1. Give the relative contact order (percent, whole number) for the chain; include only Cα pairs under 8 Å separated by 6+ residues.
2. Ignoring solvent entirely, what values of log10 I(q)/I(0) come out of the Debye formula for the range 68-168 at 0.13, 0.15 Å⁻¹ when each Cα is a single scatterer?
3. I'd like the Karplus ³J(HN,Hα) series for the range 207-219: coefficients 6.51, -1.76, 1.60, θ = phi - 60°, whole numbers in Hz, and an x wherever there's a Gly or Pro.
4. What translational diffusion coefficient, in µm²/s and rounded to a whole number, does the Stokes-Einstein relation yield for the range 161-232 at 25 °C and a viscosity of 0.890 mPa s, taking the hydrodynamic radius as the Kirkwood radius over Cα pairs?
5. From the phi of every residue in the range 136-152, what ³J(HN,Hα) in whole Hz does the Karplus formula 6.51 cos²θ - 1.76 cosθ + 1.60 yield, where θ is phi - 60° and glycine or proline is x?
6. Ordered by residue, what ³J(HN,Hα) values in Hz, to whole numbers, does the range 71-84 give under the Karplus form 6.51 cos²θ - 1.76 cosθ + 1.60, where θ = phi - 60° and Gly and Pro are x?
7. Among Tyr67, Tyr116, Tyr86, which one shows the biggest mean-square fluctuation in a GNM of the chain, springs joining Cα atoms closer than 10 Å?
8. Can you list the lysines whose alpha carbon is less than 18 Å from that of Lys20, not counting same-chain residues fewer than 8 positions off?
Amino acid sequence: SLALPGVIFLFKETILIYRKKIITILGISFVSLMINLVLNFLLDFLSKKNFLTVDASGSFNFGLFFYVSISIFSAVVAAIFQTWSYLALIYAIKNSQENISAKKSYLLGWNNILSYWWISFLMGIIFLGGLFLLIIPGFIFSIWFLFAPIILVVENLKGMSALLKSKDYVKGKLIEVAWRLFAISVIFIAFFVLMFSIIFFTFSPTSRNTIFSVGSTIFSFIVFPFIIIYYFLIY
């Protein structure tokens, strides 16, 4: 079997692909970001109204019912767009040699949303089973099945077929894959801690929370696609 490329090589290649497809990649992420911001703004706006006041008489509270309904609706919409943007990113990376647009990536990703949720459900069940055994089996399972969503897009395999194929790819390379995942995690945790430290020591206590929230959002907006490309290159 082919040897896995090193962390430095993966990091450099990730940067090259990111730069090459930056308009498409950030376009995909921007759509998801705006949807989340709108939903969060809506829920924050509604939470400041009197909807959450419970009538002591026990009569039906339409305002509370409305708020809960909007909250559930927002959670569903957020889940759909989070999945959709993730799949769109994989399609954009898969077709990195082509001039594929964010719109085209989203159109390709739409048909696999339910398949992705089914894979995620199976992964969750297996992961929980591994945790019941002990933490280490759960950790191993999470690495085994990490590439199932990518296999769904690239190889059009679904459900357990995608999970088993991912396990087959990782077989015999568990430590190598784990090290590469650990390395990228340490790099971005260090960047995140640095950002937090700069905010903490630069801004006043009254503005820290707002700036940190904005900074975290921007950080995720930029970093998440980078990690997906990195995972794709390992695959």
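1. Details: 197 pairs, mean separation 59.8, N = 235.
Result for the chain is 25 percent.
2. -0.53, -0.68
3. Once θ is set to phi - 60°, the couplings for the range 207-219 become 9, 4, 4, 5, 5, 5, 5, 5, x, 5, 5, 5, 4 Hz.
4. Numbers: Rh = 14.6 Å.
In µm²/s, the coefficient is 168.
5. Per-residue couplings from phi come out as 4, x, x, 5, 5, 4, 5, 7, 3, 9, 4, 8, 4, x, 5, 5, 4 Hz.
6. Those phi angles translate into 5, 5, 4, 5, 5, 5, 4, 4, 5, 4, 6, 5, 5, 4 Hz.
7. Tyr67
8. Within reach: Lys12, Lys94, Lys103, Lys104.
The values are calculated or read from the model by the stated rules, or taken from the named source; none is laboratory data. What you are looking at is a predicted structure, and each value in this text was computed from that prediction instead of being measured. Note: ideal-geometry Cβ built from the backbone for every residue, glycine included; neighbour counts use all protein chains shown. Quick note on the areas: whole protein, heavy atoms, side chains included, nothing else; ligands and nucleic acids left out. Shrake-Rupley method; radii C 1.70, N 1.55, O 1.52, S 1.80 Å.
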